[in-house]
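Here the structure is laid out as structure tokens; the discussion comes afterwards.
The values are calculated or read from the model by the stated rules, or taken from the named source; none is laboratory data. Quick caveat, the model's predicted, so the values are computed rather than measured. No Cβ is skipped: glycine too gets one built from the backbone with ideal geometry, and neighbour counts run over all protein chains shown. All accessible areas refer to the heavy atoms of the entire protein, side chains included, with ligands and DNA or RNA removed. Shrake-Rupley method; radii C 1.70, N 1.55, O 1.52, S 1.80 Å.
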Amino acid sequence: MSVDTTAPVAGAIALAAPLAGWSTPLDEAPDAVFAARMMGDGIAIDPTDGTLHAPCDGELVLIAAARHAVTLRTAGGCQILMHVGIDTVNLRGEGFTLAAAQGARVRSGDLLLRFDLDLLARRAPSLLTPVIVTADSGFRILRRVTGRGVEVGDPLMDLLPERSAAPGVAVAAAGAAAVQRAIVGFEHGIHARPAALLATSVKSLAADVRLSLRERQANARSTVALMALDAQHGDEVEIQASGPDAALAVSALAAVLGAEAAPPAARAAPAGRARSVTVAAPAAIAAAAAGASDAAAAAGAELSGVISSRGLAVGRAFHLRRPEIAVAESGAGAAHESQAFDRARASVRSRLERRAAGTAEGAGARAAAEIAAAHLELLEDPELLAAARVSIAQGKSAGLAWREAVRAAAAQLATLSDPRLRERVDDLLDLETQVLVALSGAGTAPAIELPGDAIVIAGELLPSQLVALDASRVAGLATAAGGATSHVSIIAAAMEIPALVALGPAVLALRDGTELVLDAERGVLEVAPPPARIEAARATLKARRERAAAERAAAQRECRTADGTRIEVFANVGSAAEAAAAVRNGAEGCGLLRTEFLFLERESPPDESEQRAAYQTIADALGGRPLTIRTLDAGGDKPIAYLPQPPEENPALGLRGVRTSLANPPLLRTQLRAILGVRPLEQCRILLPMITEAAEVAAVRAVLDELRAELAVKQPIEVGVMIETPASAVLAERLVTIADFLSIGTNDLTQYTLAMDRGHPQLASRLDALHPAVLRLVEIAARAAAARGRMVAVCGGLASEPLAAPILVGLGVHELSAVGAVIPQLKACLSRVTVAECRALAQAALAAADAAAVRVLARGALGAGAGAPR
Ligand code: PEP
Ligand code: MG
């Protein structure tokens, strides 16, 4: 729960809760437009009752035609948008009953709207109701109540007027003027989401921009004004702009309006202008606007995103759009629809089975096979099937029944706090499409003809969309939304396709064919950069390809620094196939087997024999090389539904890692027995996650000793401790008295040291394990290990960064356990530096101010090539 309790401030507006429910941060809204605060700041309420009330006195300036969103303006000009549920515009008013009219003056607490909670729960992706102080209001939130239940009228937010004028209202009118007409392509007209996209597209431009439709006119920076235009799909609006960036602003808006208009097949045509016409503009302005269509998306602009698959790509923009498949409301009889449904599922099932059993080489194909297996499970999900069958029996078409069942399940997932689970919504929607395509008789979605070197652009990508693309033509991926841990990101990384996610709506306004440099190392998409930059990027790619080939050829040699010091380079693996691939890449062992892979996506834990068999297959695939088996690291970002765990407000700080194992003794005993059954046992060592003190290690050791006696296992087995918490790093000198080795998990160590959630999309770019604070903790642990003669490894993500490898070695690390594909590069990088150079670099890094400074130092010391993934 978070309630800010600073003293009241004069002039603040007090907002009361407009509906009863659970108040939560806006970030939880499963819609990037709200979560990224494109409409403005606020909170979201998960309603428990179907009434919406006025949060303060004011005038109802806007009620959406679909009755799902209401905007109230206070006497001081502050606008509060209340948007009941997500994507509820699609209901076209069904389930909503107004209790007040647009233009009415209301008092705090007055009833505004009734909504049918059950209907929304079934038909909308989420009930979460954003309560937003619109960005153009000129007010900021001083305090807010989140993380607890609220009743109507409870204090919710206190607002304070900004000292300066509302952002973006005053724009120098000097300079050119531009006018253009465009067709509204948004399926449901300009409702909340399109309004936010439009306003965002002109936010940084110096121009006064207005949209006119019939007698109404709206400031394009004002989401409320844009919604009030009441512009519907197909309406032709006029865009007028004046000021230095007028032409850019006009074409940016036209592109956003038109980008939604073009059907998938028409994507080869420039998106923004396919359905917009330039009128009434002097020739010079028209020319500027036409040229600026490239420039609007261009002018050397850089769009910032989150890296989901590292690398560099040069290519041209190609928009990929998910076809919206129309489904009939009612069916042709329950028996007929039922048969059609079964036939469609059978055809999807056989395609998925073929893909899941696929034996194609390459990590991308393997990832696709694993994801197909996950989709197969979903296809057979009894709850989904039951829900669809009930609707079919009630007379709905098979398509609608399936769509509603899937969307209701997706809506539930979307409200979960774990971003990894939320990202599984994509898998459900993907499956929805596959079954609907099969129902339509089309068999598979029509193949998409990609141009060569395509940088594929989408709002969000689904796994099946990516897998269906001709990978040889995909240079990179750039999505407006999405998360770094989604299945699509995993496949992209496995296929070594550079990818950026969360680039924001501006990426959707790029025209097809625009030249792009996708730099998924800096996290930016360079729009139409100068020819010299494109040439340089191409040269870099060529040099990397040549170097990679040479490094792969040398990867089977053991890793040594330039002065001959031995550093072991191991791999993190999650399956026998990955272990075999890692060995081919030169892995000298496995430094981290994440055993969670065996426990996830099932209803009960694997028994001893299943676990032993899985560990044995991986040990065999490693061909006698060391295998480090980490005990179950459940909880936090890896929840396991069937474990008896109480609900936690903050799972990252709750029962996770070794705490879960110690709280479930049978679970721990079964896992340790399974590990003790692997042969030869000398190949294995055990690693304990999330240790904070020696007592936890002692407790596990006691169980282990008991089991060794029970199973008559004579030989000892090494037990290591993960250094993932600041506590364990600081206490490392104690831990090494009871642990045989240390392995540093930089992913969690960084999250806990920097107090930044490792799954937080907005903090992703700052969550850098090269932060000097993290490095200092690594040094403390490594010193402690050295004093006791213990080996210290790094198995977190930092070990997969060639740029970091010399720093880690300089801090005293002996073993790196990395993603298999980077092993050749890691070995090559370390072969070029001496330990003395590594130490000097490490000392400089420890003294640096921040992670960015460490990266500059490392690049300077090692040359650009050291940190350049391919
Ligand atoms: C880590 O935290 O760095 C680590 C290796 O563990 P995981 O990523 O599985 O939490
Ligand atoms: Mg961890």
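Give the residue that is farthest from R656 (Cα to Cα), with candidates limited to residues of the stretch 712-729 that are of a type in the set (V, I, T) and away from ligand 2 (no atom under 16 Å from the Cβ). Please lay out each step first, then the result.
Taking the stretch 712-729 as the starting set, the residues that turn out to be of a type in the set (V, I, T) are 713, 717, 719, 721, 723, 725.
Applying the additional criterion that residues be away from ligand 2 (no atom under 16 Å from the Cβ) yields 713, 717, 719.
Values: V713: 29, I717: 24, V719: 19 Å.
Looking at the filtered set, the residue picked out is V713.
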Given the conditions (1) modelled with pLDDT under 80; (2) surrounded by fewer than 24 Cβ atoms within 10 Å (Cβ to Cβ), every one holds for I491 apart from (2)
Per the filter on the stretch 687-731, residues part of a loop (DSSP other than H, G, I, E, B), open to solvent by less than 30 Å² (accessible area, probe 1.4 Å) and away from ligand 1 (no atom under 14 Å from the Cβ) are V713, I717
Of the residues in the stretch 732-745, those that are within 14 Å of ligand 2 (Cβ to nearest atom) and not in a strand (DSSP E or B) come to G745
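Is it fair to say G564 is in contact with a Lys or Arg (Cβ under 8 Å, 6 or more places away or on another chain) and free of Cβ contacts under 8 Å to residues at least 24 places away in the same chain? Before the answer, list the steps.
Working: in contact with a Lys or Arg (Cβ under 8 Å, 6 or more places away or on another chain): no; free of Cβ contacts under 8 Å to residues at least 24 places away in the same chain: yes.
In short, no.
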Only one of D748, D757 is within 16 Å of ligand 2 (Cβ to nearest atom), open to solvent by 10 Å² or more (accessible area, probe 1.4 Å) and farther than 18 Å from G589 by Cα, namely D757
Of (1) within 18 Å of R594 (Cβ to Cβ); (2) out of contact with any helix residue (DSSP H, G or I) (no Cβ under 6 Å at 6 or more places or on another chain); (3) of a type in the set (S, T, Y), T746 satisfies every one except (2)
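Do we find that L655 is within 32 Å of the chain's Cα centre (by Cα) and either open to solvent by 20 Å² or more (accessible area, probe 1.4 Å) or within 16 Å of ligand 1 (Cβ to nearest atom) (or both) in this structure? Steps first, answer last, please.
Values: within 32 Å of the chain's Cα centre (by Cα): yes; either open to solvent by 20 Å² or more (accessible area, probe 1.4 Å) or within 16 Å of ligand 1 (Cβ to nearest atom) (or both): yes.
So L655 fits the description; yes.
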Scanning the stretch 73-100 for residues that are open to solvent by less than 10 Å² (accessible area, probe 1.4 Å) and touching an Asp or Glu at 6+ places or on another chain (Cβ under 7 Å) gives I86
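Determine whether A532 is of a type outside the set (D, E, K, R) and in a helix (DSSP H, G or I). Step through it out loud before you land on a result.
On the way: of a type outside the set (D, E, K, R): yes; in a helix (DSSP H, G or I): yes.
When the stated conditions are applied, A532 passes them.
At pLDDT below 90, in contact with a strand residue (DSSP E or B) (Cβ under 7 Å, 6 or more places away or on another chain), within 21 Å of R140 (Cα to Cα) and in a loop (DSSP other than H, G, I, E, B): which single residue out of T24, T6 fits that description?
Working: T24 fails: in a loop (DSSP other than H, G, I, E, B).
Within the list T24, T6, the selection yields T6.
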query = Could we say that A571 is in a strand (DSSP E or B), touching a Gly at 6+ places or on another chain (Cβ under 8 Å), touching a residue at least 60 places away in the same chain (Cβ under 8 Å) and open to solvent by less than 30 Å² (accessible area, probe 1.4 Å) here?
reply = yes
A careful count of residues in the stretch 637-686 that are under 16 Å from E706 (Cβ atoms) and outside any loop (DSSP other than H, G, I, E, B) gives 15
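Looking for whichever is of a type in the set (A, V, I, L, M) and not in a strand (DSSP E or B) here; the options are V152, V133, V70. Which one fits? Steps first, please.
Details: V133 fails: not in a strand (DSSP E or B); V70 fails: not in a strand (DSSP E or B).
Within the list V152, V133, V70, the selection yields V152.
So for the stretch 827-841 (the condition being more than 14 Å from ligand 2 (Cβ to nearest atom), touching a strand residue (DSSP E or B) at 6+ places or on another chain (Cβ under 6 Å), assigned to a helix (DSSP H, G or I) and of a type in the set (D, E, K, R)), does at least one residue qualify? Lay out the reasoning, then the answer.
Looking only at the stretch 827-841, we keep the residues that are more than 14 Å from ligand 2 (Cβ to nearest atom), and these are 827-841.
Then keep just the ones that are touching a strand residue (DSSP E or B) at 6+ places or on another chain (Cβ under 6 Å); that gives 827.
Within this subset, residues satisfying the condition of being assigned to a helix (DSSP H, G or I) are 827.
Now narrow it down to the ones that are of a type in the set (D, E, K, R): 827.
Yes; the residues of the stretch 827-841 include at least one that is more than 14 Å from ligand 2 (Cβ to nearest atom), touching a strand residue (DSSP E or B) at 6+ places or on another chain (Cβ under 6 Å), assigned to a helix (DSSP H, G or I) and of a type in the set (D, E, K, R).
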In the stretch 581-594, residues that are within 16 Å of ligand 2 (Cβ to nearest atom) and surrounded by fewer than 24 Cβ atoms within 10 Å (Cβ to Cβ) total 1
Selection from the stretch 567-600 of residues within 23 Å of I640 (Cα to Cα) and away from ligand 1 (no atom under 16 Å from the Cβ) yields A576
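Could you please let me know if E578 is within 24 Å of V792 (Cα to Cα) and part of a loop (DSSP other than H, G, I, E, B)? Can you show your working first?
On the way: within 24 Å of V792 (Cα to Cα): yes; part of a loop (DSSP other than H, G, I, E, B): no.
It is false that E578 is within 24 Å of V792 (Cα to Cα) and part of a loop (DSSP other than H, G, I, E, B).
Which ones in the stretch 746-760 are in a loop (DSSP other than H, G, I, E, B) and within 12 Å of ligand 1 (Cβ to nearest atom)?
First pass over the stretch 746-760, keeping only residues in a loop (DSSP other than H, G, I, E, B): 755-760.
R758, G759 - these are the residues of the stretch 746-760 that are in a loop (DSSP other than H, G, I, E, B) and within 12 Å of ligand 1 (Cβ to nearest atom).
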The residue from G624, G657, G677, G635 that alone is at positive phi and either in contact (Cβ under 8 Å) with a residue 60 or more places away in the chain or in contact with a strand residue (DSSP E or B) (Cβ under 6 Å, 6 or more places away or on another chain) (or both) is G657
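Quick check on the stretch 293-311: of everything there that is hydrophobic (A, V, I, L, M, F, W, C) and within 27 Å of the chain's Cα centre (by Cα), which residue is modelled with the lowest pLDDT?
Step one: of the stretch 293-311, the residues hydrophobic (A, V, I, L, M, F, W, C) are 295-299, 301, 303, 306-307.
Applying the additional criterion that residues be within 27 Å of the chain's Cα centre (by Cα) yields 296-298, 301, 303, 306-307.
On the way: A296: 39, A297: 44, A298: 48, A301: 84, L303: 91, V306: 87, I307: 86.
Taking the candidates together, the pick is A296.
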